[in-house]
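The values are calculated or read from the model by the stated rules, or taken from the named source; none is laboratory data. The structure displayed is predicted, hence computed values, not measured ones. Backbone-built Cβ (ideal geometry, glycine too); neighbour counts: all protein chains shown.
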Amino acid sequence: MTCSRRRWCPFSAGSFAWDSSDTPCTFLSNHLNQVGFSGGLEQVEMFLLGYALEPTISVYRLYKCETDEFLTFYPDDHKEDWPAVSLITEDDRHYNVLVQKQDATRL
């Protein structure tokens, strides 16, 4: 993974300042790569990730079907402004990224 040398705002860098990660990029490399294999994310981490990287993270919770929490947005105040990434989960611990199937003739 190649990370840019872009300067991060103090909020973003401070939010991800763990002993093993001092930028959002190293947080991604050191911790987020393990999500779904050995652990999940807390809601606050989902919000921080959304605000730091600026996508709206849409999470479809299958176990909350037919409730208001079936579809949750992180953060929920930029749904119209930022690009979206969709995740699906059965237990808020194991996540899968939903991707759109590409037409082979368009490649």
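If you take the residues in segment 63-78 that are of a type in the set (F, W, Y) and in contact (Cβ under 8 Å) with a residue 24 or more places away in the chain, which one is farthest from V99 (Cα to Cα)?
Among them, the one singled out is Y63.
Residue-wise test of (1) under 14 Å from E42 (Cα atoms); (2) not in a strand (DSSP E or B).
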{"site": "Y60", "(1), (2)": "no, no"}
{"site": "E66", "(1), (2)": "no, yes"}
{"site": "E69", "(1), (2)": "no, yes"}
{"site": "H78", "(1), (2)": "no, yes"}
{"site": "D81", "(1), (2)": "no, yes"}
{"site": "L87", "(1), (2)": "no, no"}
{"site": "D91", "(1), (2)": "yes, yes"}
{"site": "Q102", "(1), (2)": "no, yes"}
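Show the residue pairs meeting these rules: Cβ distance below 6 Å; 6+ apart or different chains; first residue within segment 47-62 and within 16 Å of L98 (Cβ to Cβ); second residue of a type in the set (F, W, Y) and outside any strand (DSSP E or B).
Note: pairs meeting the criteria are P55/W82; T56/W82; R61/F70.
Does A52 qualify as being within 20 Å of C25 (Cβ to Cβ) and at pLDDT below 80?
Answer is yes for this residue.
Looking for something of a type in the set (A, V, I, L, M) and within 15 Å of L53 (Cα to Cα) - is there at least one such residue anywhere in segment 88-106?
Checked segment 88-106: no residue is of a type in the set (A, V, I, L, M) and within 15 Å of L53 (Cα to Cα).
So V59 passes all but one of these: (1) surrounded by fewer than 11 Cβ atoms within 10 Å (Cβ to Cβ); (2) modelled with pLDDT of 85 or more. Which condition number does it fail?
Going through (1) surrounded by fewer than 11 Cβ atoms within 10 Å (Cβ to Cβ); (2) modelled with pLDDT of 85 or more one by one, V59 breaks only (1).
List the residue pairs whose Cβ atoms are under 6 Å apart, where the first residue sits in segment 79-95 and is acidic (D, E), the second is surrounded by 13 or more Cβ atoms within 10 Å (Cβ to Cβ), and the two are 6 or more positions apart or on different chains.
What qualifies is D92/G40.
Among the residues of segment 32-45, is any at pLDDT 75 or above and surrounded by 11 or more Cβ atoms within 10 Å (Cβ to Cβ)?
Yes, some residue in segment 32-45 is at pLDDT 75 or above and surrounded by 11 or more Cβ atoms within 10 Å (Cβ to Cβ).
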